[in-house]
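The structure under discussion appears below in the form of structure tokens.
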Amino acid sequence: NEHPEGWILGRGWDQNRWSSKAFPRASDLDAAIGDRPAALTRIDGHALWVNSAALRLAGITKETPDPAGGRILRDEGGNPSGVLVDAAVDLVARIIPPPSSAEREARLLDGLQQMRDFGYTTVADMGVDQGALAIYRRLETSGTLPIRVFAYLAHNPALMKAELAKAKKRGLSFFQVQGVKFYLDGALGSRGARLLAPYSDALGQQGLWVTQPGAVKTGVARTLAAGYQPAIHAIGDAANRAALDLLQGLPKGAYPPRIEHAQIVTAVDARRFGPLRVIASVQPVHCASDHPWTPDRLGPARVKEAYPWRTFLQSGALLAFGTDAPNDDLNPFLGLAAAETRQDGDGQPAGGFLPEQKLTRTEALRAFAWANGKALGRPELGALHPGAAADLLWVEANLADIPPAALRKIRPGRLWVNGTEIKLGR
């Protein structure tokens, strides 16, 4: 009632949590909303659920072809069903009125403050556009950034040309451009992750190349040559192989490249990470949230490819953990528990999902703290030693020996960012 006009926007649905596990339809939103346009982003950010009004405004019909790197889901008659995957999201996103700069700034600050209240002192923001860059720089100049931000540019040639021509900051500051984020494929939940063979629960579908590997290789080469760090989104086993293959043929840069997510990786490719000096940038909470349906997507013959964290470590790779917020829960203690149990908060599956890939508490803490500083080329972050940044989190528990169930309930007690204690909880 407070906002009776305009688009209805939201985020967070996941068809895998519904009893039918089927993708929703435009008609479902039509029944609840009527003729007001609505667009709801899937939890992973890789699909959009829209109503008939939104389809009509975007001009999406039975004759509209799937765009490169995307898919329009269709009903039995070939008509758009109401869900757009990966690049097809842009067909609607481009007609939604953008937020003002002030609204974007408020959202950024709110997100950073929420993360700070969970104990974060530093965040990597993946896929930043020109508008967000301007906001971050304004907040840095005014001294109002609540935590440190390392930004990775969106894969936009014009933006890359302008930003990569600048000398990279040497000193540690509250904001700096760290590299560029590239997308090879989509997400497993929406069957956009690119697989080497078809999905076991959708024969004939192998996922999507959101960006062709050749175009990613060209962008990664430019990023490395400019002295910045590439971060490549790869979830499916085909995408991870493509990422490793394109990196293998490029000269080394000042910063080792990152593969973001690295969720489904063949055993052969998982062992390539260390020798190729590629960072496995992983979010362990995905294993906890996605394990109920991952076997359906992959089938019994290749399910062991899922979340091979210990194999990464055994290969000599740097394993750096994150949360993938807002695509999953930003609470890092849930990720810590998932890393050592490979279970969700209900203790499922019994014994853990592929338990041979579990980590110890020490390994998981190291991946969340020290490894992230190393991944950023900032040894003064993520560890306690002379000369380190005074970013400190105190919790009222012994992290070395509390059980996973208690670990999931921990909340930060006191926090210092750059030597200044922060009042938590706003």
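Put one equal scatterer on each alpha carbon of the stretch 277-401, apply the Debye formula with no solvent term, and list log10 I(q)/I(0) at q = 0.23 1/Å to two decimals.
For the stretch 277-401 at q = 0.23 Å⁻¹, log10 I(q)/I(0) is -1.48.
Highest GNM mean-square fluctuation, the chain, Cα pairs closer than 10 Å: which of ALA202, ALA243, ALA226?
Among ALA202, ALA243, ALA226, the largest mean-square fluctuation in the Gaussian network model of the chain belongs to ALA202.
For the pair GLU396 and ARG137, how long in nm is the line joining their label points, each one 7 Å along Cα→Cβ?
Here the answer is 4.4 nm between the modelled labels.
Going by accessible area, probe 1.4 Å, with all protein chains left in place, what is the ranking of TRP309, TRP7, largest first?
So the residues, ranked largest to smallest area, are TRP7, TRP309.
Keeping all protein chains in the complex and leaving out DNA, RNA and ligands, what accessible area do you get for PHE118 with a 1.4 Å probe, in Å² to the nearest 10?
50 Å²
To the nearest 10 Å², what's LEU188's accessible area with a 1.4 Å probe?
Per-residue accessible area (LEU188): approximately 0 Å².
Comparing GLN263, GLN130, GLN283, which has the greatest mean-square fluctuation in the GNM of the chain with Cα pairs linked when under 10 Å apart?
GLN130
From a point 7 Å beyond the Cα of SER101 in the direction of its Cβ, which residues of the stretch 138-167 have a backbone N at a distance under 13 Å?
Output list for this probe position: 138-139.
Simple spin-label model, 7 Å along Cα-to-Cβ: THR362 to ALA225 in nm?
4.4 nm
If I take the Cα coordinates of the chain and project them onto the principal axes, what are the three extents in Å, biggest first?
Between the extreme Cα coordinates on each principal axis of the chain lie 66, 51, 45 Å.
Counting heavy atoms of the protein chains only and a 1.4 Å probe, report the per residue accessible area for the stretch 234-366 as a whole number of Å².
34 Å²
Taking the Cα-to-Cβ direction at LYS166 and at SER200 and moving 7 Å from each Cα, how far apart do the two end points lie in nm?
4.8 nm
In straight Cα distance, which lysines are under 26 Å from LYS181, not counting same-chain residues fewer than 8 positions off?
LYS161, LYS166, LYS168, LYS169, LYS217, LYS252, LYS374
Take the alpha carbon gyration tensor of the stretch 261-341, find the square roots of its eigenvalues, order them as a ≥ b ≥ c, and report rounded if a/c is under 1.5; if not, report prolate when a/b exceeds b/c, else oblate.
In terms of gyration-tensor shape, oblate.
Full extension from ALA215 to ARG277: what is 0.36 nm times the residue separation minus their Cα-Cα distance, to one decimal in nm?
Additional length available on full extension: 20.2 nm.
For ASP30 and ARG17 in the same chain, what is the full-extension length gain: residue separation times 0.36 nm, less their Cα-Cα distance, in nm?
2.6 nm
At 0.36 nm per residue, and after removing the present C-alpha to C-alpha distance, how many nm does the segment from ASN156 to ASP75 gain when stretched out fully?
Fully extending the segment from ASN156 to ASP75 adds 25.8 nm.
THR266 accessible area, nearest 10 Å², 1.4 Å probe?
Accessible surface of THR266 is approximately 20 Å².
Give the ranking of MET160, MET115 by solvent-accessible surface, highest area first, calculated with a 1.4 Å probe.
Heavy-atom accessible area, descending, gives MET115, MET160.
The values are calculated or read from the model by the stated rules, or taken from the named source; none is laboratory data. Because the structure is a prediction, the values reported are computed rather than measured. For neighbour counting, all protein chains shown are included, and Cβ atoms are generated from backbone atoms with ideal geometry for every residue, glycine included. Accessible surface is based on the protein model in full, side chains and every heavy atom, while ligands, DNA and RNA are left aside. Shrake-Rupley method; radii C 1.70, N 1.55, O 1.52, S 1.80 Å.
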